[in-house]
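*Asks:* Once you've had a glance at the structure underneath, I'll fire off some questions.
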Amino acid sequence: QVQLVESGGGLVQPGGSLRLSCAASTSAFSLYTTGWYRQAQGNQRELVATMTSGGNTIYADSVKGRFTIFRDNAKSTVYLQMNSLKPEDTAVYYCKLNYYVTDYWGKGTLVTVSS
């Protein structure tokens, strides 16, 4: 069982930046597709960004040009750099690892964008 621990959430003003981190308890991290998802209150969980083991990325239209997903396989960690944050980015952000039919989820970290 792979454990995922997210960190880096918090309160930030509109236009500000945050970097989320997700550390995984696996030495096979490089084999996994990594992803960030978010769930705002009252909404369904949605994809924010993913990065495959080969480095291919997918972003939600709402975050393109503002958010960047990247990973450090040596540290078994995936990051989400969030710039130009908007109030509508407020949500609990979850990290996910995927390998074929197996998914692992973190417990989430809260990001609040408010003045």
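The values are calculated or read from the model by the stated rules, or taken from the named source; none is laboratory data. What you see is a predicted model, and the numbers here were worked out from it, not measured in a lab. As a convention, Cβ positions derive from the backbone with ideal geometry for all residues, glycine included, and neighbour counts pool all protein chains shown. The protein model used for the area step is the full one, side chains on, heavy atoms only, and it has no ligands, DNA or RNA in it. Shrake-Rupley method; radii C 1.70, N 1.55, O 1.52, S 1.80 Å.
*Asks:* Residues being in contact with a helix residue (DSSP H, G or I) (Cβ under 9 Å, 6 or more places away or on another chain) and hydrophobic (A, V, I, L, M, F, W, C): count how many of those fall in region 75-102.
*Replies:* 3
*Asks:* Let me ask another. In region 28-54, what count of residues is obtained for those that are assigned to a loop (DSSP other than H, G, I, E, B), open to solvent by 40 Å² or more (accessible area, probe 1.4 Å), out of contact with any helix residue (DSSP H, G or I) (no Cβ under 9 Å at 6 or more places or on another chain) and under 23 Å from TYR99 (Cβ atoms)?
*Replies:* Qualifying residue count for the region: 3.
*Asks:* Is one or more of the residues making up region 57-75 in contact with a Gly (Cβ under 7 Å, 6 or more places away or on another chain), on the phi < 0 side of the Ramachandran plot and in a strand (DSSP E or B)?
*Replies:* no
*Asks:* Here is a further query. Could you figure out which of (1) surrounded by 17 or more Cβ atoms within 10 Å (Cβ to Cβ); (2) within 13 Å of LEU110 (Cα to Cα) isn't true of ALA23?
*Replies:* Checking ALA23 against (1) surrounded by 17 or more Cβ atoms within 10 Å (Cβ to Cβ); (2) within 13 Å of LEU110 (Cα to Cα), the one that fails is (2).
*Asks:* To continue, here is another question. When ARG71 is evaluated against the numbered criteria (1) buried (at least 16 other Cβ atoms within 10 Å of the Cβ); (2) in contact with an Asp or Glu (Cβ under 9 Å, 6 or more places away or on another chain), which criterion, by number, is the only one it fails?
*Replies:* The failed condition is (2).
*Asks:* Is it the case that some residue within region 8-15 is touching a residue at least 24 places away in the same chain (Cβ under 8 Å) and of a type in the set (A, V, I, L, M, F, W, C)?
*Replies:* Yes, region 8-15 has at least one match.
*Asks:* Output the residues belonging to region 76-100 that are at pLDDT below 95 and assigned to a loop (DSSP other than H, G, I, E, B).
*Replies:* TYR100
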